[in-house]
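Everything on this sheet refers to the single structure shown next.
The values are calculated or read from the model by the stated rules, or taken from the named source; none is laboratory data. No experiment lies behind these values; they were computed from the predicted model shown. Cβ sites come from the backbone with ideal geometry, for glycine too, and all protein chains shown count toward neighbours. Surface accessibility is based on the protein's heavy atoms, side chains included, excluding ligands, DNA and RNA. Shrake-Rupley method; radii C 1.70, N 1.55, O 1.52, S 1.80 Å.
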Amino acid sequence: MGGKLLYPFILVAGALMAIGVVWNSQLRGALVNPWLAAAVSFVPVVFAFALMFLLKPSPLPTREDLAGVRWWMPLAGITGAVAVFAGLLFVDKVGAGALNGLLITANLLTSVALDHFGWLGMRQVKAGPPRLLGAALMVGGIVLISVF
């Protein structure tokens, strides 16, 4: 995917993330056990991606591709699951705006550091004054949303 659809897709994904946090909180309330709710929440995801793989099974990785997989790469799903679980547990306590704002602000600050230092194989993009100002404005914005 690219071109004109790239940014709208990302914006829709962000909007769906906010909705998903609220739905997960309601699912936790209905199922009582947060671990069960998290497992139930991931079942449709597993089926959706398995179906997409069955519909479009190529390209497949080569042996060289598989040799390049670092031990930590498959843990990416767990990192996303932590955010989902935080929403599942806390959105009804802090509100969707504060929860998603805190998640996104922490995401942005970490992303700026990953870019700046080139960590985890990212292309290095130095954090100059405009990026640092943007990060500071995000922090200020989330303080206003979550504290007041």
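Numbers for the structure displayed
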{"quantity": "Radius ratio Rg over Rh of segment 14-95, counting only Cα atoms, Kirkwood formula for Rh", "calculated": "1.09"}
{"quantity": "The chain - mean residue ellipticity at 222 nm from DSSP helices (-39,500 (n - 2.57) per run, n ≥ 4, rounded to 500)", "calculated": "-26000 deg cm²/dmol"}
{"quantity": "Accessible surface of the chain, 1.4 Å probe, proportion on carbon and sulfur as whole %", "calculated": "77"}
{"quantity": "Solvent-accessible area per residue for the chain (1.4 angstrom probe, square angstrom)", "calculated": "74"}
{"quantity": "Sites Val40 and Phe90, calculated FRET efficiency, Cβ-Cβ separation with R0 30 Å, nearest 0.05", "calculated": "0.95"}
{"quantity": "Packing rank of 53-64, 79-90, where each peptide gets the mean count of other beta carbons within 10 Å, highest leading", "calculated": "79-90, 53-64"}
{"quantity": "Relative contact order (%) - segment 3-147, alpha-carbon pairs under 8 angstrom, separation at least six", "calculated": "25"}
{"quantity": "Integer Hz, Karplus 6.51/-1.76/1.60 couplings in order for segment 139-148, x for Gly and Pro", "calculated": "4, x, x, 6, 4, 4, 6, 8, 9, 9"}
{"quantity": "Using alpha carbons only: equivalent-ellipsoid semi-axes of the chain, gyration tensor based, whole Å", "calculated": "27, 26, 15"}
{"quantity": "Centroid-to-centroid separation of segment 106-148 and segment 51-100 [C-alpha atoms, Å]", "calculated": "21"}
{"quantity": "Additional length obtainable on full extension of the chain from Asn107 to Trp119, 0.36 nm per residue less Cα span", "calculated": "2.9 nm"}
